[in-house]
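First comes the structure, then the notes that go with it.
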Amino acid sequence: MANDRIFNFSAGPSMLPLEVLNRAGAEITNYKGSGMSVMEMSHRSKVYQGIFDETQEKFRKLMGVPEGYKVLFLQGGATMQFAMVPMNLMTKTGKADYVRTGNFANNAHKEAKKYGEANVAGSSEDRKWTYIPSQDQLTLDPEASYLHYCSNNTIEGTQWQYVPQAPAGVPLVCDMSSDIMSRPVDVSKYGIIYAGAQKNLAPAGLTIAIVKEDLAGHEMPITPAIMSYKNMIDKDSMYNTPPCWPIYMLGLMCDWVESVGGLTELEKINIKKANMLYDVLDESKLFQVAAEKGSRSFMNVTFRTGNDDLDAKFVAESVKKGFSNLKGHRSVGGMRASIYNAMPMEGVEALCEFIKEFEKNA
Ligand SMILES: *Cc1c(COP(=O)(O)O)cnc(C)c1O
């Protein structure tokens, strides 16, 4: 890899493309002749409004966001959305459906219970969160205010390979924190898509919510102004100071995604990277993939030897080889390779070689 950078398999915050970092670096003290850094600008200034509007436009174009949807640039992480979604949407019928497929999906469900009846529409707990339930395994309430799911389970390494069908009139709400902009998405199927930016898009601090406008404006009276979709729509995400720098970085990231051919091309590359890794793991006699076939994530590849000492040895040796963050989440153990948009093919190739070499010497 160029200069002295290592292959960083962190689940988030995670790698950004070198091109993006270099561009940010070149502009860091004087953004396009403004005499100041983007970090130092008033968010009400003309030059910053330009950055904001351009980023909105590029993001909408790449994601194919249709009319009738607003893209909000918020803070508070995906975790704040766990509360913001029920506060704004659950007033319709006082209940909502949640699919429990792992740590973050379950946290969203737990939070929603504070605001109404949050029912379990499906769960993969019976096989330790290693799979995604099929459509016919879901029990859906036609009177739910919405149906919530998490498209990619960052910690467990599972990913929905289909878009669940909600009953007529029930909006679909999705936490896409760890796979947003990794593949094309039909936004029109959703009521709300939200994502923390620090996995696939930008530095931490920015949270994106794509909101179907007619869902806003029905929030609970206790909803803080900063957590009202309607308020944020009316104020164009600038009710208060937005995360100025990460929004600018998102704009650079959008340019990069465009330069590699947009989401259709990016998906092909992401599938190729993931399959390369899964093939090596499937051929191995030492390693097992944690997620079941058909539910495997193209973003977070979880695997293990079944022996904790050997797993620890693998992680320790990987660090010596110049890889970082291959240790699995503490709740799952084993290893996890997060291979988001910015992880280059060479990084995955190098990891595959290391896995084979480790097995040979084990
Ligand atoms: C990381 C992550 C979260 C938590 O995001 P924060 O921005 O830290 O609040 C939620 N959901 C998913 C799927 C994640 O990957």
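Laboratory data are not the source of any read-out in this text; all were calculated from the coordinates shown. On a predicted model such as this, the values are computed, not experimentally measured, just so you know. Ideal geometry is used to build each Cβ from the backbone, glycine not excepted, and the neighbour counts take in all protein chains shown.
Details
- Cβ-defined net charge surrounding residue 147, 10 Å radius [Lys, Arg +1; Asp, Glu -1]: -2
- In plain terms, the chain from residue 79 to residue 4 could stretch by 23.6 nm, reckoned as 0.36 nm per residue minus the Cα-Cα distance.
- Along the axis of the charge dipole computed for the stretch 261-361 (Cβ charges of +1 for Lys and Arg, -1 for Asp and Glu, origin at the Cα centre), the listed residues 276, 347, 332 are led at the positive end by 332.
- For the stretch 104-178, GluC sites (Glu not before Pro) are listed when DSSP marks them as loop and at most 14 other Cβ atoms sit within 10 Å of their Cβ; the list is 143.
- Inter-centroid distance (Cα atoms) of the stretch 302-327 relative to the stretch 28-101, Å: 36
- Centroid-to-centroid, using Cα positions, the stretch 182-245 and the stretch 328-360 are 32 Å apart.
- For the chain, the antiparallel share of DSSP beta bridges with both residues in that region comes to about 55%.
- 9 Å beta-carbon shell around residue 58, net charge (K/R +1, D/E -1): -2
- Residue 143-residue 188 FRET efficiency (beta carbon distance; Förster radius 22 Å; 0.05 resolution): 0.45
- Exposure proxy ranking, count of Cβ atoms within 10 Å, fewest first, for 93, 29, 207: 29, 93, 207
- Here the extension length gained between residue 161 and residue 356 equals 67.4 nm, from 0.36 nm per residue of separation less the Cα-Cα distance.
- Inter-probe distance in nm under a simple model that places probes 7 Å from Cα toward Cβ, at residue 264 and residue 288: 4.0
- Beta bridges from DSSP with both residues in the stretch 57-211: antiparallel share about 45 percent, rounded to the nearest 5.
- Rounded if a/c under 1.5, otherwise prolate or oblate - the chain, Cα gyration tensor axes: oblate
- Helices meeting the span-like rule in the chain (full DSSP H runs, Cα extent of at least 20 Å along the helix axis, mean Kyte-Doolittle score of -0.5 or higher): 244-259, 262-283, 345-361.
- The simple spin-label model puts a point 7 Å past each Cα toward its Cβ; for residue 312 and residue 234 those points are separated by 5.7 nm.
- Whether the stretch 127-271 is rounded, prolate or oblate, judged on the alpha carbon gyration tensor where a/c under 1.5 counts as rounded: oblate
- Förster radius 30 Å - calculated FRET efficiency between residue 57 and residue 120, Cβ distance, rounded to 0.05: 0.15
- For the stretch 1-72, the list of GluC sites (Glu not before Pro) that fall in a loop by DSSP and count at most 15 other C-beta atoms within 10 angstrom reads 27, 67.
- In the structure shown, the pairs 92/128; 46/230; 293/313; 113/230; 110/268 are assessed against 30 Å; a Cα-Cα span above that value is assigned to 92/128; 110/268.
- The charge dipole of the chain, taken about its Cα centre with unit charges on the Cβ atoms of Lys, Arg (+1), Asp and Glu (-1) only, comes to about 440 debye.
- Förster-model FRET efficiency, 51 Å R0, residue 44 and residue 330, C-beta, rounded to 0.05: 0.75
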